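Here is the structure we will look at.
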Amino acid sequence: MNEYRTHFITNGGDSLDRLKDIPSLNFELFNFSTGYKNIFYSRKFYEYLRDYVRRNEIGLIHSHHRFPELISTRISKILNVKTVTTAHSYVSGFKYLSFRSDRIISVSNSVRNFLIKNYGLSKEKVITIYNPVEHLINTDLELSKKFKEENNITSEKKVLLFAGRIAKDKGYDTLIKSFDLVTKQQTNVVLIIIGQIDNMVHRFKYIVKNKKIILIPPQKNISYLFSISNIVVLPSRIDPFPFVMIESGSMKKPFIGGNTGGIAEFIEDGKNGLLIDPENPGQLAEKINFLLNNPGIGKQLGENLFEKVNRFCDYNNYFSEVEKIYDSLLTC
């Protein structure tokens with residue numbers, strides 16, 4: 001195994017505190033934007049990264065966004081560095097400027113196939129490595145207890161959890177409609193929704209009126225929410241490979257997801273989770289009721305998902321596969 005001297009350049013984010021705890025990591029903050037605003041940062045970022053790479057004798061750049069990737073591939077032509085980028089989602093536009101790195105890592109085969117079809121990439125160039133996940137072990141029992149007390153979640157109540165952007169592509173509207181159906185049969189059930197609201201109008205239209213729905217903003221640590229939940233639900237219409245799915249597995253929670261993208265790729269219906277048509281609230285309600293009425297089956301689904309997450313989303317395996325890509329480029 002080669003040892004790498006690692007440099008990390010970021011424009012911010014909620015993981016900076018964690019970076020500071022890694023003594024062997026060199027990291028720098030550089031202010032660049034995302035989306036179309038990048039045009040105003042292009043020259044400045046190019047010059048900054050070029051000089052940084054030259055000064056630190058960097059041999060490979062791994063990017064996680066199309067703008068840094070574009071700049072990296074430009075720099076690679078003058079400084080003879082190798083480039084890798086990770087594709088985290090389905091994207092559009094900039095066809096002749098995107099994914100020009102030496103290797104592209106996709107977070108699922110669904111994303112890989114999308115890139116090959118829509119960006120004309122060769123199959124050999126795109127490699128799928130599932131995202132890794134930390135084991136979400138809830139150690140803050142007081143936080144769980146306090147949350148349950150504040151929201152009147154007593155021991156006899158069943159808890160559904162939705163974690164993700166509150167947006168149409170995540171199927172939250174289908175979830176709300178199905179939850180209305182579930183509450184007609186299950187009187188002691190609550191739904192926790194945690195995430196950023198894409199459209200505030202939707203909050204008042206679908207959520208606030210239902211007193212059995214608990215809406216909370218995004219948080220760094222949500223392991224306590226998984227720990228008190230009976231079922232995790234994500235009826236996405238489009239989803240490359242959601243973290244909440246594998247986080248569910250790490251907590252051995254039964255998972256119900258939309259039959260699409262990376263969810264349909266990873267979840268084997270009836271074995272390690274349940275798949276539903278994201279346009280069918282009745283079907284989702286039926287699956288939720290089934291698991292609430294059959295906790296033993298739900299427990300087994302959670303155990304099976306835990307086993308698969310351990311096999312395919314382990315941090316050590318992830319870094320080993322990424323390192324193989326680095327080695328293949330740096331030794332060729």
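A short reminder: the numbers here are calculations on the coordinates, not readings from a lab. If you're wondering where the values come from, they're calculated on a predicted model, not measured in any experiment. Neighbour counts are summed over all protein chains in view; Cβ atoms, including those assigned to glycine, are modelled from backbone coordinates with ideal geometry.
Using the Cα centre of the chain as the reference point, and only Cβ charges (+1 on K/R, -1 on D/E), how large is the resulting charge dipole? Debye, rounded to the nearest 20.
Its charge dipole is roughly 900 debye.
Per residue, how big is the convex hull around the C-alpha atoms of segment 71-188? Give it to me in cubic angstrom, could you?
187
Within the set Lys184/Lys287; Lys77/Lys324; Lys117/Lys324, which residue pairs have Cα atoms separated by over 18 Å?
Lys77/Lys324; Lys117/Lys324
Please give the peptides 55-67, 311-323 ranked by average Cβ packing (other Cβ atoms within 10 Å per residue), highest first, as a rough proxy for protection.
Ranked by mean Cβ neighbours within 10 Å, highest first: 55-67, 311-323.
Equivalent ellipsoid semi-axes for segment 141-312, as square roots of 5 times the alpha carbon gyration tensor eigenvalues: give them largest first, rounded to whole Å.
21, 19, 16
Short version: what are the Cα gyration tensor semi-axes of the chain, square root of 5 times each eigenvalue, largest first, in whole Å?
Taking √(5λ) for each Cα gyration eigenvalue gives 39, 20, 20 Å.
For the chain, what is the mean residue ellipticity at 222 nm derived from helices alone (per DSSP H run of n ≥ 4: -39500 (n - 2.57); sum divided by total residues; nearest 500 deg cm²/dmol)?
Helix-only estimate at 222 nm: -12000 deg cm²/dmol.
What size of dipole, in debye to the nearest 20, comes out for segment 141-312 about its Cα centre when the only charges are +1 on Lys and Arg C-beta atoms and -1 on Asp and Glu C-beta atoms?
500
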